[in-house]
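Novice: Attaching a single structure in structure tokens format; questions to follow.
Any read-out appearing in this document is the output of simple, stated calculations on the displayed coordinates, not a laboratory observation. Small disclaimer: the values here were computed from a predicted structure and weren't measured. Reconstructed Cβ throughout: ideal geometry from the backbone, glycine too, with neighbour counts over all protein chains shown.
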Amino acid sequence: MKSGSRLEKLLNQGEFVVSGEIGPPKHANGEIIREHARKLKDYVDAANLTDNQTAIVRMSSIASAVHVMAEGLEPIVQMTVRDRNRIGIQSDLLGAYSLGVRNVLCLSGDHQSFGNHPTSKNVHDIDSIQLVKALKDMRDEKKFICGEEIKENEPRFFIGAVANPFGDPFEYRVLRLEKKINAGADFIQTQCIFDMERFEKWMEMVRERGLHKRAKIIAGLMPLKSHKAARYMQKYVSGMIVPDEIIERIEKADDPKAEGVELCVEQIKHLQKIEGVAGVHIMAVNWEEIIPTIVEKAGLYPRPKVL
């Protein structure tokens with residue numbers, strides 16, 4: 001065991017894991033986080049706490065993780081390099097570990113122009129691959145980025161990174177994934193998948209390089225509420241491919257939300273058949289309460305126990 005987290009143990013057992021996502025609020029009341037955690041804890045194996053997603057100021061992912069743990073749900077803390085230099089990042093990681101956090105997902109972070117402080121400065125002292133390497137060195141080498149020894153209680157995280165199978169140039173997407181795994185990523189969460197054919201081609205390249213045996217690939221999914229949301233992602237979200245047939249299916253449905261749930265369930269069942277996919281990550285943006293329904297309909301409830 002690298003961290004001893006529930007997520008790590010279930011993946012090592014060969015279970016098809018389910019993770020969810022909770023977006024912290026734009027205020028200081030943690031009860032909304034706890035409410036989501038209570039609803040999700042029996043239906044997901046761990047939950048991401050996003051780190052100021054879309055560059056909008058929100059409750060910190062680490063503080064949100066404490067609320068989640070208080071309700072009996074295991075957190076995955078997101079950590080971006082956008083907002084912190086290497087001193088702040090390592091300090092926050094030590095603090096998170098001391099509070100009980102065992103899973104960390106390393107990201108670049110959305111550009112500040114998307115958020116509510118567009119004139120703020122991006123930091124990017126290190127990049128997301130260097131962040132993965134820093135976590136691995138803190139854990140396995142007991143060293144800070146500067147090379148100084150961590151003399152006791154090194155933070156032993158289960159290290160995650162993200163991958164986008166849909167960005168261009170397509171042939172380089174697996175090479176970037178391999179860099180993150182070489183740096184020390186233990187698990188990978190992907191961008192939302194709507195183009196299943198392209199994702200399968202990406203997974204073929206992943207298997208050709210044996211990367212699915214070196215890190216656990218968790219496929220990202222987003223249940224759609226409406227065809228307008230799907231069309232917006234198709235047009236304006238970089239690195240996202242939403243086929244026209246999916247948009248048309250949601251648009252023609254009598255109940256678009258129900259159709260979005262059915263589509264997500266179908267995607268999960270398809271992904272379960274793809275060699276190298278170790279689980280799914282359900283990103284129900286501002287719709288966290290639908291995750292239990294999706295998990296049940298997909299036949300993934302009850303969740304497995306750690307042996």
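Novice: Could you give the spread of the C-alpha atoms of the chain along their three principal axes, from largest to smallest, in whole angstroms?
Specialist: If we take the Cα atoms of the chain, the spans are 60, 47, 46 Å.
Novice: Considering the zone a paramagnetic label at residue 208 would reach in this model (a point 7 Å from Cα along the Cα-to-Cβ line), which residues of segment 157-201 have amide N under 15 Å from it?
Specialist: Only 170-178, 198-201 fall inside the zone, counting backbone N under 15 Å.
Novice: Post the alpha-carbon centroid distance, segment 223-299 to segment 33-82, in whole angstrom.
Specialist: Distance between centres, Cα-based: 21 Å.
Novice: Expressed as an acute angle from 0 to 90° and rounded to the nearest 10, what is the orientation of the C-alpha long axis of helix 86-98 relative to the principal long axis of the chain?
Specialist: For 86-98 against the chain, the angle is about 80 degrees.
Novice: Please list, or write none, the aspartates and glutamates whose alpha carbon is within less than 15 Å of the alpha carbon of residue 142, excluding same-chain residues fewer than 8 places away.
Specialist: Straight-distance partners of residue 142: 152, 154.
Novice: Tell me, which longest segment in the chain has none of the GluC sites (Glu not before Pro) that fall in DSSP loops with at most 11 further Cβ atoms within 10 Å? Let's see the in-between values first.
Specialist: On the way: sites that count: 148, 152, 275.
Value returned for the longest uninterrupted segment is 1-147.
Novice: Moving to a separate point now. What residues of segment 29-48 lie in the reach of a label at residue 301, counting those whose backbone N is under 12 Å from a point 7 Å from the Cα along Cα→Cβ?
Specialist: So the set is 39-44.
Novice: Among the listed pairs 180/257; 39/257; 136/257; 133/297, which have their C-alpha atoms separated by more than 30 angstrom in this model? Mind dumping the intermediate values first?
Specialist: Numbers: 180/257 35 Å; 39/257 19 Å; 136/257 41 Å; 133/297 38 Å.
Cα-Cα > 30 Å for 180/257; 136/257; 133/297; rest within.
Novice: Pairs of alpha-carbon atoms within less than 8 angstrom and 6+ residues apart define the contacts here; what relative contact order does the chain have, in percent?
Specialist: Working: 573 pairs, mean separation 59.6, N = 307.
19 percent.
Novice: Still on this structure, please answer the following. Between residue 152 and residue 124, what is the label-point separation in nm under the 7 Å Cα-to-beta-carbon projection?
Specialist: The modelled label-to-label distance comes out at 4.1 nm.
Novice: Counting only other residues whose beta carbon sits under 14 Å from that of residue 169, what net charge do I get with K and R as +1, D and E as -1?
Specialist: On the way: positive: 173, 176, 198, 201; negative: 168, 171.
It works out to a net charge of +2.
Novice: Got a sec to turn the phi values of segment 30-40 into Karplus ³J(HN,Hα) couplings, 6.51 cos²θ - 1.76 cosθ + 1.60 with θ = phi - 60°, whole Hz, x for Gly and Pro?
Specialist: Once θ is set to phi - 60°, the couplings for segment 30-40 become x, 5, 5, 5, 5, 4, 4, 5, 4, 6, 9 Hz.
Novice: Could you list which residues have their amide H under 5 Å from that of residue 216, counting only those 5 or more apart in sequence or on another chain, with H placed in the peptide plane?
Specialist: Residues meeting the criterion, in which the H sits 1.01 Å from N, are 187, 188.
Novice: Right, something else. Can you work out the FRET efficiency for the pair residue 286 and residue 42, with r the C-beta to C-beta distance and R0 = 22 Å, to the nearest 0.05?
Specialist: With R0 = 22 Å, the Cβ-Cβ based efficiency is 0.55.
Novice: What FRET efficiency do you get for residue 113 and residue 170 if R0 is 25 Å and r is their Cβ-Cβ distance, rounded to the nearest 0.05? Please list the in-between numbers first.
Specialist: Working: r = 26 Å, r/R0 = 1.03.
Efficiency, from the Cβ-Cβ distance: 0.45.
Novice: Still on this structure, please answer the following. Filter the trypsin sites (Lys or Arg not before Pro) in segment 259-307 to those in DSSP coil with at most 10 other Cβ atoms within 10 Å of their Cβ, and list the result. It would help to have the intermediate numbers written out before the result.
Specialist: Values: sites: 269, 273, 297, 305; in loops: 273, 305.
When the trypsin sites (Lys or Arg not before Pro) of segment 259-307 are filtered for loop state and at most 10 Cβ neighbours within 10 Å, 273, 305 remain.
Novice: Continuing with the same structure: Could you list which residues have their amide H under 5 Å from that of residue 103, counting only those 5 or more apart in sequence or on another chain, with H placed in the peptide plane?
Specialist: 77, 158
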